[in-house]
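To keep things clear, I will list the structure first and then write my remarks on it.
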Amino acid sequence: DASGQPIPEGGSIPTFDFTKQWVTNKTYGVVFHVLPWLSFTGAWLESTQFTDNVGQDLNGRPVLGLRGKGTDLGVRLNFLNGRIGLSYVHFDTTSTNDSFGVGGVPGNELNPLLATPFFNNIDYRDQQSIGDEIELFFSPTPNWTGRMTYSTSSVTFTDFYPLLKVKLAEAQATG
């Protein structure tokens with residue numbers, strides 16, 4: 001239960017449909033039409049996934065839920081009454097609390113120096129994705145439509161092993 005005590009056999013466990021009780025995503029966007037053929041776009045998003053409480057991290061606590069946030073900024077061009085369209089979007093998103101395993105060697109070396117040894121090998125890292133998307137749409141006749149897209153992204157992993165860093169500092173202070 002919430003206080004860490006086992007639920008007695010046959011005990012009443014409140015249940016509910018997760019997807020109807022927890023709103024975990026927010027997205028806000030805007031399209032600003034400057035001219036009939038020119039628009040600017042923007043979006044902000046945030047997402048949270050609650051822990052599944054199946055795994056436990058280095059300290060024996062439930063694995064943290066995934067979190068994310070990001071922005072999209074873009075421009076749209078439309079010509080010939082919408083028969084030709086070009087859009088460009090730049091995005092920047094960050095996700096945190098991605099589960100990331102710690103190898104066995106650090107635990108073997110650090111555990112003798114720690115007041116509380118590793119519970120298991122789950123730690124975390126964050127990642128940032130930055131990229132661009134371009135799309136060209138054309139419809140020369142009502143029966144023919146073409147679309148060309150190009151996208152690129154760069155993913156950078158950051159904040160590796162925040163729990164391990166604390167354990168390492170403790171071991172260094174002890175040793």
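Note on Trp37: accessible area is roughly 110 Å² with a 1.4 Å probe, heavy atoms of protein only.
With θ taken as phi - 60° and the Karplus curve 6.51 cos²θ - 1.76 cosθ + 1.60 applied, the whole-hertz 3J(HN,Hα) list for the range 32-37 is 10, 7, 7, 9, x, 9 Hz, x standing for glycine and proline. Listed values for the range 108-116 are Karplus-derived 3J(HN,Hα) couplings in whole Hz (6.51 cos²θ - 1.76 cosθ + 1.60, θ = phi - 60°), namely 4, 7, 8, 3, x, 9, 9, 5, 10, and x replaces Gly and Pro.
Accessible surface for the range 71-175, divided over its residues, is 64 Å² per residue with a 1.4 Å probe. For Gly55, the amide hydrogen comes within under 5 Å of the amide hydrogens of Val63, counting only partners 5 or more places away or on other chains and with H modelled in the peptide plane. Surface calculation, 1.4 Å probe, protein heavy atoms: Val166 sits at approximately 100 Å² accessible. Roughly to the nearest percent, how much of the accessible area of the range 46-175 is carbon and sulfur, given a 1.4 Å probe? Carbon plus sulfur share of accessible area: 57 percent. Against the criterion of solvent-accessible heavy-atom surface with a 1.4 angstrom probe, Ile134, Ile122 sort, most first, into Ile134, Ile122.
What the phi angles of the range 149-155 give under the Karplus curve with 6.51, -1.76 and 1.60, with θ = phi - 60°, is a coupling list of 10, 8, 9, 9, 8, 10, 10 Hz, glycine and proline written as x.
For Tyr150, the accessible surface of its heavy atoms amounts to roughly 140 Å² (probe 1.4 Å, protein chains only, rounded to the nearest 10). Spacing of the modelled spin labels on Gln127 and Val30, each 7 Å from Cα toward Cβ, amounts to 3.1 nm.
The values are calculated or read from the model by the stated rules, or taken from the named source; none is laboratory data. No experiment lies behind these values; they were computed from the predicted model shown. Here the Cβ is made from the backbone with ideal geometry for all residues, glycine too, and neighbour counts use every protein chain on show. With ligands, DNA and RNA removed, areas are computed over all heavy atoms of the protein, side chains included. Shrake-Rupley method; radii C 1.70, N 1.55, O 1.52, S 1.80 Å.
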